[in-house]
Amino acid sequence: QVQLVESGGGLVQAGGSLRLSCAASGRTFSSYAMGWFRQAPGKERDFVARISRTAASTYYADSVKGRFTVSRDNAKNTVYLQMNSLKPEDTAVYYCAADPKPLGSRDPRSFDYWGQGTQVTVSS
């Protein structure tokens, strides 16, 4: 089992920044690729970013490319999502998830463990 707890969400004005954190406990954190997803009210859960086990590989949704950066610290069992130049359309609940495959995936079905989510609200 892997337990994931997100933090760092909040209310921010458009153009602002937030950094989300996801702390993991349980099985070896470095055995999992990690992903970030988001879900806005009435919409499906969408892929945001993923990072491989060793952080050598990252991948982003087109909608956040150039504005968001995913990183991880395996010594601290934590994955981060730095979000800059935030837009109102970034408003959603953000989830981190753990994928046992080395590189991770864009498909939420590939992820075995999920956090409870953290709300990000961007005002215009």
Query - Sequence of THR54, THR78, THR121 when ordered by accessible area, the most exposed leading, probe 1.4 angstrom - result: THR54, THR121, THR78
Query raised in the report: What is the dipole size for the chain, taken about its Cα centre, with +1 at each Lys and Arg Cβ and -1 at each Asp and Glu Cβ, in debye to the nearest 20?
Result: 200 debye
Query raised in the report: Between the DSSP loop rule and a limit of at most 15 other Cβ atoms within 10 Å, which trypsin sites (Lys or Arg not before Pro) in the stretch 56-120 are left?
Result: LYS65, ARG67, LYS76, ARG106
Query raised in the report: Given a Förster radius of 25 Å and the C-beta distance between SER124 and GLN39 as r, what FRET efficiency does 1/(1 + (r/R0)^6) yield to the nearest 0.05?
Result: 0.80
Query raised in the report: To the nearest 0.05, how large is the calculated FRET efficiency for GLN13 and ALA55 if R₀ is 41 Å and r is the Cβ-Cβ distance?
Result: 0.85
Report summary line: Zone reached by a paramagnetic label modelled 7 Å from LYS87 Cα along Cα→Cβ, restricted to the stretch 21-48 with backbone N below 20 Å, covers 36-48
**Report entry** Surface per residue (accessible, 1.4 Å probe) for the stretch 39-117, Å²
**Finding:** 52 Å²
Query raised in the report: With the dipole of the chain worked out from charges on the C-beta (+1 for Lys and Arg, -1 for Asp and Glu) around the Cα centre, which of SER105, GLN39, SER124 lies farthest toward the positive end?
Result: SER105
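The values are calculated or read from the model by the stated rules, or taken from the named source; none is laboratory data. For clarity, every value in this text was computed on a predicted model and none was experimentally measured. A quick note on method: Cβ atoms are made from the backbone with ideal geometry, for glycine too, and the neighbour counts reach across all protein chains shown. These accessible areas exclude ligands, DNA and RNA; they are computed on the full protein's heavy atoms, side chains included. Shrake-Rupley method; radii C 1.70, N 1.55, O 1.52, S 1.80 Å.
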